[in-house]
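Student: To start, I am sharing the structure in question, which I have written as structure tokens.
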């Protein structure tokens, strides 16, 4: 290759022949120097990581994480690696759809749904001994779920291993499954499906008081192996409320009892627990979700009134002292209107609704947004979304 | 009855125009191009033998080919007879074929017409002669022009360089190949006009009194010169014409040979003839795509593994196996064009494992192509001498074609004829406009 000195001599000759070219040459070289300088810094950083072993550790962790993900997939499909490798991406094992209704005492009612059922059944006994309402989660029956307890403890179980209750029947919490009984002083905070763990980058936790914590899914093996993810709270009185999986390009939203909506950019969230909302003493988080484009947000009050907002109306908050977007006008707040649930839905999704008389109903999301209310026999206690694709696959 | 158009079948760009006796209409045959009246002379043939030209061909090529997967399979290609002193045996010949290759992009179709020993090329299962390639391109161009005009075209005046080849036989053969290709493409009546004369007819539209004019048509494939008396439409004289096959593609080649090859290992790899062969094939647009065989890949892998200029070998591997050749030639050509106006530019090619960056100045470019200046000046002076005129008797020198904008050649013309006499016509459309005028006159 011609030496750099020779090239420089040639560039100088150009500058001598046409002085105006000198400016262009200097500009082009300066731009190149800038690029090379940035690249040099990247390489130096990489070199340091290689020298001190950080990179090796990182790769070891990544390998362990991939092994764990493979293990999860094997368990989900009930097969070995060879069969898994041959499995076409769009030909997943057919599965039924399970609706999990669970309470803070770790009791889970699992109903297997079939298309067309509007009324699913009824919880006959006294609803609860605590103030916490039951929660609803729809998952494929071959899913694996993670149970998060208020102490920060986690455990996993296959949905199919949770004993099933009959559709269109009366159920009692006593007869509900108890896959992992809460230990002394702890309650079941939430249940989270984890089959998408290999495709996700973070666990996100939100507490009752709006404290958010992000954890990399590369830590999944350690978390699930040690059965501990942490409470994700700052105050002693606070406790975890919900957990979800997401990627760095996602947005995350949570909604409070008193009608405040907070939108967050996942990529900008800190890995340590951080308060993300300034709320009143009586307020607390009642729902969280990862909104996607083409979805809209539904907010439901105790009386079944539905507020509908488009996805792009979500404002991303950067300040930990944000008060959030107020969705309930002050006059209505004074009248006692409060949210009991919220979700991000598509028109084709279904919504499962649990009312204060224990009835569990299914509604079409577009019917709810169209009418602006949910018809129920009593006050609404809880809602859960059944995404159309989960329903279809089932 | 169909109409007659003029077609400039250029080395790099082509065009179609029609003349109604009053004004020339350049047809927008490539709406996707920046200048819709100019269409790139490139042909893309897909695996299922669909064909496309111009910007559509380029876009499809990029979409389907760059960084695609490859899968080589061994295919029987034929057999050869081997004769020894007292023995004779037949041996099977196999070739490795990339069965995932979605299509082939062909450019410099016009150069192929005059290239000695180049009969055609194999595209998947079919063999395309040079005539087949030209026929396919002209057929598609005709279809586009008919769509624009909304009526059938049955005759054409095609442009041709003053000399397709220095050898009269080869020159005649190239013209007849092009004539047959045009007929097979659907033109019933085909005639030719020399490209510089066509450019002169366009220039003549601007004249108010007769002039002695030199047409300096310097395009992608050839330099064509004509010395003419223009201005009186009833009495045009062609005093002399000449040409040489030096043009834009030779300058691109010079840049690649002198400035780019070191980035792919020239001067560093020695005693490895297979690799040297690959490096020296880079400037040859026809040879480079053929290098992508598993054997060559293995050779390059071994060199990289052995630490033989690994960065350059990796770059060479990427150039060949990631289908970056077309991008690479385009970058070099773009740099050349920039240097017609600016004093310096950069030639870059960045992809996975390739980071080529070269600051290139006009001074370097001129020194790289300087030897061509001597040849060009000689052809020009010979043609002027043939015309019986002295440079002082020339009233105007009309430059046309992309390469005519290169300052080195403009300076030469200014030095010989004087600044006020050197005029620039539209580089890409003056020839086709003249061909349309000629087509009108001949119809």
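Student: Among the residues of segment A:27-44, are any closer than 16 Å to residue B:364 by Cβ and away from chain B (no Cβ under 13 Å)?
Tutor: Initial filter on segment A:27-44 (closer than 16 Å to residue B:364 by Cβ): A:28-29.
Then drop every residue that is not away from chain B (no Cβ under 13 Å), which leaves none.
Taking every residue of segment A:27-44 in turn, none turns out to be closer than 16 Å to residue B:364 by Cβ and away from chain B (no Cβ under 13 Å).
Student: Taking residue A:45 as the residue in question, decide whether it is over 15 Å from residue B:360 (Cα atoms) and modelled with pLDDT under 90. First the steps, then the outcome.
Tutor: On the way: over 15 Å from residue B:360 (Cα atoms): yes; modelled with pLDDT under 90: yes.
In short, yes.
Student: Would you point out which residue out of B:177, B:121, B:129, B:136 is surrounded by fewer than 18 Cβ atoms within 10 Å (Cβ to Cβ) and closer than 30 Å to residue B:47 by Cα?
Tutor: Working: B:177 fails: surrounded by fewer than 18 Cβ atoms within 10 Å (Cβ to Cβ); B:121 fails: surrounded by fewer than 18 Cβ atoms within 10 Å (Cβ to Cβ); B:136 fails: surrounded by fewer than 18 Cβ atoms within 10 Å (Cβ to Cβ).
Checking each option against the conditions leaves just B:129.
Student: Just one of B:104, B:91 is under 27 Å from residue B:7 (Cα atoms), in contact with a strand residue (DSSP E or B) (Cβ under 8 Å, 6 or more places away or on another chain) and part of a strand (DSSP E or B); which is it? Quick ask: steps written out before the conclusion?
Tutor: On the way: B:91 fails: under 27 Å from residue B:7 (Cα atoms).
From the options B:104, B:91, the qualifying one is B:104.
Student: Just one of B:247, B:287 is loosely packed, with under 15 Cβ neighbours inside 10 Å, within 28 Å of residue B:402 (Cβ to Cβ) and either free of Cβ contacts under 8 Å to residues at least 60 places away in the same chain or touching a strand residue (DSSP E or B) at 6+ places or on another chain (Cβ under 7 Å) (or both); which is it? Explain how you work it out, then say what you get.
Tutor: Numbers: B:247 fails: loosely packed, with under 15 Cβ neighbours inside 10 Å.
Answer to the check: B:287.
Student: Do we find a residue being closer than 20 Å to residue A:291 by Cα and surrounded by fewer than 17 Cβ atoms within 10 Å (Cβ to Cβ) anywhere in segment A:374-386?
Tutor: Of the residues in segment A:374-386, the ones closer than 20 Å to residue A:291 by Cα are A:382-386.
Among the residues that remain, those that are also surrounded by fewer than 17 Cβ atoms within 10 Å (Cβ to Cβ) are: none.
Among the residues of segment A:374-386, not one is closer than 20 Å to residue A:291 by Cα and surrounded by fewer than 17 Cβ atoms within 10 Å (Cβ to Cβ), which makes the answer no.
Student: Another question, then. Taking segment B:245-287 as the region of interest, how many residues are within 14 Å of chain A (Cβ to nearest Cβ) and not in a helix (DSSP H, G or I)?
Tutor: 6
Student: Failed condition for residue B:344, given (1) over 29 Å from residue B:101 (Cα atoms); (2) away from chain A (no Cβ under 14 Å); (3) crowded, with 17+ Cβ neighbours inside 10 Å, with all others met?
Tutor: In the conditions (1) over 29 Å from residue B:101 (Cα atoms); (2) away from chain A (no Cβ under 14 Å); (3) crowded, with 17+ Cβ neighbours inside 10 Å, residue B:344 misses (2) alone.
Student: Since residue A:213 meets every condition but one in (1) outside any loop (DSSP other than H, G, I, E, B); (2) surrounded by fewer than 21 Cβ atoms within 10 Å (Cβ to Cβ); (3) touching a strand residue (DSSP E or B) at 6+ places or on another chain (Cβ under 6 Å), which condition does it not meet?
Tutor: All conditions pass for residue A:213, except number (2).
Student: Give segment A:347-364 a look and list any residue that's touching a helix residue (DSSP H, G or I) at 6+ places or on another chain (Cβ under 7 Å) and within 23 Å of residue A:259 (Cβ to Cβ), or say none. Give the steps one after another, and end with the answer.
Tutor: Keep residues of segment A:347-364 that are touching a helix residue (DSSP H, G or I) at 6+ places or on another chain (Cβ under 7 Å), which gives A:347-351.
Answer for segment A:347-364, where residues must be touching a helix residue (DSSP H, G or I) at 6+ places or on another chain (Cβ under 7 Å) and within 23 Å of residue A:259 (Cβ to Cβ): A:349, A:351.
Student: Let me ask you something else. What is the residue count in segment B:353-371 for residues that are under 23 Å from residue B:431 (Cβ atoms) and touching a strand residue (DSSP E or B) at 6+ places or on another chain (Cβ under 9 Å)?
Tutor: Of segment B:353-371, the ones under 23 Å from residue B:431 (Cβ atoms) are B:369.
Add one more test, that the residue is touching a strand residue (DSSP E or B) at 6+ places or on another chain (Cβ under 9 Å), and what stays is none.
Count: 0.
Student: Take the residues of segment B:354-376 that are free of Cβ contacts under 8 Å to residues at least 40 places away in the same chain and more than 14 Å from every other protein chain (Cβ to nearest Cβ): which is surrounded by the most Cβ atoms within 10 Å (Cβ to Cβ)?
Tutor: B:373
Student: Quick one: would you say residue A:300 is buried (at least 17 other Cβ atoms within 10 Å of the Cβ), on the phi < 0 side of the Ramachandran plot and touching a helix residue (DSSP H, G or I) at 6+ places or on another chain (Cβ under 8 Å)?
Tutor: On the way: buried (at least 17 other Cβ atoms within 10 Å of the Cβ): yes; on the phi < 0 side of the Ramachandran plot: yes; touching a helix residue (DSSP H, G or I) at 6+ places or on another chain (Cβ under 8 Å): no.
It is false that residue A:300 is buried (at least 17 other Cβ atoms within 10 Å of the Cβ), on the phi < 0 side of the Ramachandran plot and touching a helix residue (DSSP H, G or I) at 6+ places or on another chain (Cβ under 8 Å).
Student: Something else: With respect to residue B:89, determine if the residue is free of Cβ contacts under 8 Å to residues at least 40 places away in the same chain and closer than 30 Å to residue B:166 by Cα.
Tutor: On the way: free of Cβ contacts under 8 Å to residues at least 40 places away in the same chain: yes; closer than 30 Å to residue B:166 by Cα: no.
For residue B:89, the condition - free of Cβ contacts under 8 Å to residues at least 40 places away in the same chain and closer than 30 Å to residue B:166 by Cα - is not met.
Student: Residues to consider are A:55, A:32; find the one that is closer than 28 Å to residue B:313 by Cβ, touching a helix residue (DSSP H, G or I) at 6+ places or on another chain (Cβ under 8 Å) and either at pLDDT 85 or above or part of a helix (DSSP H, G or I) (or both).
Tutor: Values: A:32 fails: touching a helix residue (DSSP H, G or I) at 6+ places or on another chain (Cβ under 8 Å).
Testing whether each residue is closer than 28 Å to residue B:313 by Cβ, touching a helix residue (DSSP H, G or I) at 6+ places or on another chain (Cβ under 8 Å) and either at pLDDT 85 or above or part of a helix (DSSP H, G or I) (or both) leaves just A:55.
Student: Suppose the filter is part of a strand (DSSP E or B) and crowded, with 17+ Cβ neighbours inside 10 Å; does residue A:343 pass it?
Tutor: Working: part of a strand (DSSP E or B): yes; crowded, with 17+ Cβ neighbours inside 10 Å: yes.
Yes: the conditions hold for residue A:343.
Student: Let me ask another. Can you confirm whether residue B:327 is over 30 Å from residue B:243 (Cβ atoms), more than 13 Å from every other protein chain (Cβ to nearest Cβ), in contact with a strand residue (DSSP E or B) (Cβ under 8 Å, 6 or more places away or on another chain) and in contact (Cβ under 8 Å) with a residue 40 or more places away in the chain? Steps first, please.
Tutor: Working: over 30 Å from residue B:243 (Cβ atoms): yes; more than 13 Å from every other protein chain (Cβ to nearest Cβ): yes; in contact with a strand residue (DSSP E or B) (Cβ under 8 Å, 6 or more places away or on another chain): yes; in contact (Cβ under 8 Å) with a residue 40 or more places away in the chain: yes.
When the stated conditions are applied, residue B:327 passes them.
Student: Which residues, taken from segment B:288-297, are in a loop (DSSP other than H, G, I, E, B) and more than 14 Å from residue B:326 (Cβ to Cβ)?
Tutor: First pass over segment B:288-297, keeping only residues in a loop (DSSP other than H, G, I, E, B): B:292-293.
Across segment B:288-297, the qualifying residue is only B:293.
Yes/no matrix, rows are residues, columns are (1) at pLDDT 90 or above; (2) touching a helix residue (DSSP H, G or I) at 6+ places or on another chain (Cβ under 7 Å); (3) within 25 Å of residue A:351 (Cβ to Cβ):
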residue: A:254; (1), (2), (3): yes, no, yes
residue: A:257; (1), (2), (3): yes, no, yes
residue: A:271; (1), (2), (3): no, no, no
residue: A:291; (1), (2), (3): yes, yes, yes
residue: A:311; (1), (2), (3): no, no, yes
residue: A:322; (1), (2), (3): no, no, no
residue: A:328; (1), (2), (3): yes, no, yes
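Student: Do we have any residue at all in segment B:191-206 that's in contact with a helix residue (DSSP H, G or I) (Cβ under 7 Å, 6 or more places away or on another chain), surrounded by 18 or more Cβ atoms within 10 Å (Cβ to Cβ) and more than 30 Å from residue B:336 (Cα to Cα)?
Tutor: No.
Student: Testing residue B:313 on (1) surrounded by 18 or more Cβ atoms within 10 Å (Cβ to Cβ); (2) modelled with pLDDT under 90; (3) in a helix (DSSP H, G or I), one condition comes back false. Which one is that?
Tutor: Among (1) surrounded by 18 or more Cβ atoms within 10 Å (Cβ to Cβ); (2) modelled with pLDDT under 90; (3) in a helix (DSSP H, G or I), residue B:313 violates only (2).
Student: So if I check each of B:398, B:414, B:379, which one is modelled with pLDDT of 90 or more, surrounded by fewer than 16 Cβ atoms within 10 Å (Cβ to Cβ) and in contact with a strand residue (DSSP E or B) (Cβ under 8 Å, 6 or more places away or on another chain)? Working first, answer last.
Tutor: Numbers: B:398 fails: surrounded by fewer than 16 Cβ atoms within 10 Å (Cβ to Cβ); B:379 fails: surrounded by fewer than 16 Cβ atoms within 10 Å (Cβ to Cβ).
After applying the criteria, what remains is B:414.
Student: Step by step: first the residues of segment B:330-341, then only those that are touching a residue at least 24 places away in the same chain (Cβ under 8 Å) and part of a helix (DSSP H, G or I), then the one that is nearest to the other protein chains (Cβ to nearest Cβ). Which residue is that?
Tutor: Looking at residues that are touching a residue at least 24 places away in the same chain (Cβ under 8 Å) and part of a helix (DSSP H, G or I), I get B:335.
Student: Which one of the conditions (1) away from chain B (no Cβ under 14 Å); (2) in contact with a helix residue (DSSP H, G or I) (Cβ under 8 Å, 6 or more places away or on another chain); (3) modelled with pLDDT under 90 does residue A:103 fail to meet, given that it meets all the rest?
Tutor: For residue A:103, the exception is condition (3).
Student: Mind counting the residues in segment A:298-323 that are in a loop (DSSP other than H, G, I, E, B) and more than 14 Å from residue A:286 (Cα to Cα)? It would help to see each step written out before you state the result.
Tutor: Narrowing segment A:298-323 to residues in a loop (DSSP other than H, G, I, E, B): A:302-304, A:314-315, A:317-323.
Next, only the ones that are more than 14 Å from residue A:286 (Cα to Cα) stay: A:303-304, A:314-315, A:317-323.
Of the residues in that region, 11 qualify.
The values are calculated or read from the model by the stated rules, or taken from the named source; none is laboratory data. If you're wondering where the values come from, they're calculated on a predicted model, not measured in any experiment. All Cβ positions, even for glycine, are placed from backbone atoms using ideal geometry, and neighbour counts span all protein chains on display.
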